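The block underneath contains the structure these notes are about, expressed in structure tokens.
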Amino acid sequence: MAKETMKKPNSKKSASGRSASGSAKPAASRKRSGRKAAKKKKRGLIIGLEVLGLLVLLLGFYLVRQLDKIQRPEMSDDGSSVNEGIQEDTVATMSGYTTVALFGLDTRQSGQLGKGNRSDTIIIASINNDSGEVRLASVYRDTYLDMTTGKYNKANSAYSTGGPDQAIKMLNKNLDLDIDGYLSVDFTALTDTIDLLGGVEIDVDETEIEHLNNYTEETSEVTGVKTTKLTQTGLQTLDGVQATSYCRIRYTAGDDFKRTERQREVIQEIVRKAKAMDITQINEIINAVFPKIATSYTNAELLQMAPQMITYDIVDTTGFPFDRETGTITGRGSCVIPVNLAENVRQLHEFLYENYDYQPSSEVQEISDQITKTTGY
């Protein structure tokens with residue numbers, strides 16, 4: 001009987017006893033492969049982070065470059081001339097808000113946003129830093145106030161004389177405010193913004209449609225944007241020219257007082273539409289509108305504020321002065337006269353800051369007394 005031949009065991013076996021030539025690799029080889037895979041994964045992660053960082057950096061450069069298109073007229077070195085007589089409690093209350101002045105200019109030359117142009121729209125926006133609630137108060141353009149020089153005139157003449165710098169000082173001095181910054185726009189900027197948002201929903205009544213259509217001719221000529229005239233009243237989508245023309249109507253019941261209501265209505269609709277816009281629309285608006293805007297805010301401040309703006313809600317609007325008369329003043333024409341400016345300013349602080357303990361400063365009281373002396377109101 002033949003002997004059974006015994007095979008020598010393979011001296012190179014894996015931990016499982018299988019040959020190195022089989023499906024399993026030796027432990028050392030597996031460790032080397034594992035280290036290589038980990039290194040590749042780590043390199044891939046690093047490369048991914050580098051790409052992400054580069055994209056963020058490029059996006060940042062893009063935004064800053066776009067922000068650089070915004071106009072920033074020089075402001076004086078003496079600050080915003082806040083009244084020295086304001087009570088500490090009032091200052092503390094206002095510090096919980098961001099107060100912004102919004103100016104709509106009557107310039108017929110797009111992008112000309114400095115002095116020499118009257119601010120036919122003057123709106124004070126108070127933003128509650130905790131809740132994001134926004135309140136808008138229109139200062140009627142013909143309001144008889146101190147221009148900060150001891151001379152009295154219509155409120156909109158301050159911007160014309162000294163640009164946004166003097167306009168802000170005028171508001172601070174007469175209204176006991178501490179305005180943080182401003183934003184100025186013209187017809188074209190407003191028209192372009194509304195068009196890029198796809199229009200705004202406005203309910204046009206029978207007393208407004210004729211005046212709106214009349215204004216569209218000049219608005220279209222100034223902005224270079226074509227439009228059509230409205231053929232019916234009621235709730236409808238207005239394009240940029242139509243909505244801008246709607247903001248300009250003043251020849252209906254309520255005159256300029258009603259016009260400021262229309263302006264605030266359009267602003268509310270713009271905010272509502274803007275909160276739902278996508279990144280493509282944002283870029284289009286930035287490209288089209290930023291060169292037609294002037295502001296005191298730096299690029300860093302705007303970038304910091306941008307994420308918060310989407311959460312803002314306009315909760316209330318009003319017009320100032322609350323108690324008023326219309327009268328003709330020699331050398332100034334027809335003016336809106338605050339009936340007791342100090343009391344009107346008290347009501348304004350109650351509206352903007354929910355400050356029910358505010359007391360007018362000595363500066364505001366002096367201006368109030370002078371207005372009464374000059375006008376009899």
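With the structure loaded, tell me whether N153 is surrounded by fewer than 20 Cβ atoms within 10 Å (Cβ to Cβ) and at pLDDT 90 or above or whether it fails that test. Please lay out each step first, then the result.
Working: surrounded by fewer than 20 Cβ atoms within 10 Å (Cβ to Cβ): no; at pLDDT 90 or above: yes.
Spelling it out, it is not the case that N153 is surrounded by fewer than 20 Cβ atoms within 10 Å (Cβ to Cβ) and at pLDDT 90 or above.
Mind listing whichever residues of region 141-150 are within 23 Å of V266 (Cα to Cα) and open to solvent by 10 Å² or more (accessible area, probe 1.4 Å)? Write out each step before concluding.
Start the filter on region 141-150 by keeping residues that are within 23 Å of V266 (Cα to Cα), which leaves 141-143.
R141, D142, listed by residue number.
Please give the number of the condition D120 fails out of (1) surrounded by 20 or more Cβ atoms within 10 Å (Cβ to Cβ); (2) among the acidic types (D, E); (3) outside any strand (DSSP E or B).
Failing condition for D120: (3).
Of everything in region 158-178, what is open to solvent by 10 Å² or more (accessible area, probe 1.4 Å) and farther than 22 Å from R346 by Cβ? Give them in sequence order.
Of everything in region 158-178, those that are open to solvent by 10 Å² or more (accessible area, probe 1.4 Å) and farther than 22 Å from R346 by Cβ turn out to be S160, T161, G162, D165, Q166.
State which residue is least open to solvent (accessible area, probe 1.4 Å) when the search covers only region 289-304 and only residues that are touching a residue at least 60 places away in the same chain (Cβ under 8 Å) and assigned to a helix (DSSP H, G or I).
This residue is V289.
Restricting attention to region 143-185, report how many residues are free of Cβ contacts under 8 Å to residues at least 40 places away in the same chain and either charged (D, E, K, R) or closer than 22 Å to S361 by Cβ (or both).
Going through region 143-185 one residue at a time, the tally reaches 7.
Which one of I310, I285, I314, I367 is under 20 Å from I168 (Cα atoms) and aliphatic (A, V, I, L, M)?
Values: I310 fails: under 20 Å from I168 (Cα atoms); I285 fails: under 20 Å from I168 (Cα atoms); I314 fails: under 20 Å from I168 (Cα atoms).
Going through I310, I285, I314, I367 in turn, the sole match is I367.
Any residue at all in region 179-193 that's within 27 Å of E350 (Cβ to Cβ) and open to solvent by less than 10 Å² (accessible area, probe 1.4 Å)? Talk me through it step by step, then tell me what you get.
Narrowing region 179-193 to residues within 27 Å of E350 (Cβ to Cβ): 179-183.
Then keep just the ones that are open to solvent by less than 10 Å² (accessible area, probe 1.4 Å); that gives 181-182.
Looking through region 179-193, at least one residue is within 27 Å of E350 (Cβ to Cβ) and open to solvent by less than 10 Å² (accessible area, probe 1.4 Å).
Identify all residues within region 194-210 that are more than 15 Å from K273 (Cβ to Cβ) and open to solvent by less than 50 Å² (accessible area, probe 1.4 Å); write none if there are none.
Initial filter on region 194-210 (more than 15 Å from K273 (Cβ to Cβ)): 203-210.
Residues satisfying the conditions are V204, E208, I209.
Kindly indicate whether K229 is in contact with a Ser or Thr (Cβ under 9 Å, 6 or more places away or on another chain) and loosely packed, with under 15 Cβ neighbours inside 10 Å. Walk me through how you get there before you give the answer.
On the way: in contact with a Ser or Thr (Cβ under 9 Å, 6 or more places away or on another chain): yes; loosely packed, with under 15 Cβ neighbours inside 10 Å: yes.
The answer is yes for K229.
Select from region 292-334 the residues that are under 15 Å from the mean Cα position of the chain (by Cα) and among the charged types (D, E, K, R) and list them in ascending order.
Of region 292-334, the ones under 15 Å from the mean Cα position of the chain (by Cα) are 292-314.
Those that are under 15 Å from the mean Cα position of the chain (by Cα) and among the charged types (D, E, K, R): K292, E301, D313.
Show me the strands (runs of 3 or more DSSP E) entirely contained within region 310-377 in which 1 or more residues are touching a strand residue (DSSP E or B) at 6+ places or on another chain (Cβ under 7 Å), open to solvent by 70 Å² or more (accessible area, probe 1.4 Å) and under 29 Å from Q268 (Cα atoms).
Details: elements: 313-320, 324-329, 333-338.
By residue number, 313-320, 324-329.
The values are calculated or read from the model by the stated rules, or taken from the named source; none is laboratory data. Nothing here was measured: the structure is a model prediction, and the numbers come from that model. Using ideal geometry, Cβ is built from the backbone for each residue, glycine included, and neighbour counts are taken over all protein chains shown. Surface areas here come from the heavy atoms of the whole protein model, side chains and all, with no ligands, DNA or RNA. Shrake-Rupley method; radii C 1.70, N 1.55, O 1.52, S 1.80 Å.
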